[in-house]
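Notes follow the structure.
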Amino acid sequence: MRLIISTALLFSLVICSEQSQTFRRVVQQTPFRFARQSSSSQGGVTTFTHGCAHTAPNFTADDGSRYILTFLNDCKSFTAQQADEYCQGNGGKTISLDTTDKGNFVNQLMVKYAQRYIWTGGRINHARSTVTWPSGLSEGYTRGKRFWSHTGGSSRSVDIPQPDNRDGNEVCLAVLNNFYADGVKWHDVGCTHKKPTICEFK
């Protein structure tokens, strides 16, 4: 039996072979790149810390100080440590209320934006009756005085002034807005509670 291949068929086979070789060369020379998560916020790449996008300061005070109010970005569920890490990831620090003016400033923000609570960067040493701030400053306190609440829980028959270390591990300082019908006041809180925070920048 003779195998007869037409000229047209031979021509088609040659063309297909050349196209296949050309395709292989193109594939071999094409520099495929796979997208990967970047740790940089440059070049339009968004980075995140604990599920919240890094951002520029979104609030400027009258004195020019800049802040990120995380609740304005719908980031409201940090533990105290996560709040610290988020602020550091943005190049700032969790807010230090180390002056009376800053304490009053945050109280006004709490009322203006109807926030129930926020984390500060304050850490409490109950044994020494001191608070240490991310700014590096430490200060003593008298329970129930200055910005501290006169009460720590509505279920108690007797008010116990703050900080009271009610749960035995309340070393993180939060500002609460009338949480115990006490106005905008400082409270010692267990550090694993979830709250928004305020980051400050120098």
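Structure data summary
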| item | result |
| --- | --- |
| Subset of region 115-146 [among the small types (Gly, Ala, Ser) and more than 26 Å from the chain's Cα centre (by Cα)] | Ala127, Ser129, Gly140, Gly144 |
| Evaluation of Val175 against (1) buried (at least 17 other Cβ atoms within 10 Å of the Cβ); (2) of a type outside the set (Phe, Trp, Tyr); (3) part of a loop (DSSP other than H, G, I, E, B) (one fails), failing number | (3) |
| Check on Ile95, within 22 Å of Gly183 (Cβ to Cβ), touching a Phe, Trp or Tyr at 6+ places or on another chain (Cβ under 9 Å) and aliphatic (A, V, I, L, M) | yes |
| Residue count, region 127-152 (criterion: out of contact with any Leu (no Cβ under 8 Å at 6 or more places or on another chain), surrounded by 14 or more Cβ atoms within 10 Å (Cβ to Cβ) and in contact (Cβ under 8 Å) with a residue 40 or more places away in the chain) | 3 |
| Residues of region 58-92 classified as surrounded by fewer than 19 Cβ atoms within 10 Å (Cβ to Cβ) and in contact with a Cys (Cβ under 8 Å, 6 or more places away or on another chain), total | 3 |
| All positions within region 107-122 that are of a type outside the set (Ser, Thr, Tyr), crowded, with 18+ Cβ neighbours inside 10 Å and touching a helix residue (DSSP H, G or I) at 6+ places or on another chain (Cβ under 9 Å) | Gln115, Ile118, Trp119, Gly121 |
| Residue in region 60-72 that is part of a helix (DSSP H, G or I) and over 12 Å from Thr197 (Cβ atoms) present | no |
| Test: Val158 is in contact with a strand residue (DSSP E or B) (Cβ under 9 Å, 6 or more places away or on another chain) and among the aliphatic types (A, V, I, L, M) | no |
| Residue within region 127-143 that is among the aliphatic types (A, V, I, L, M), out of contact with any helix residue (DSSP H, G or I) (no Cβ under 8 Å at 6 or more places or on another chain) and part of a strand (DSSP E or B) present | yes |
| Only listed residue being surrounded by fewer than 17 Cβ atoms within 10 Å (Cβ to Cβ), not hydrophobic (A, V, I, L, M, F, W, C) and not in a loop (DSSP other than H, G, I, E, B), chosen from Asn104, Asn165, Asn169 | Asn104 |
| Among residues of region 144-162, those that are within 19 Å of Asn107 (Cβ to Cβ) and not in a strand (DSSP E or B), counted | 10 |
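A short reminder: the numbers here are calculations on the coordinates, not readings from a lab. Computed from a predicted model, the values in this text were never measured in an experiment. Every residue, glycine as well, gets a Cβ built from its backbone with ideal geometry; the counts of neighbours run over all protein chains shown.
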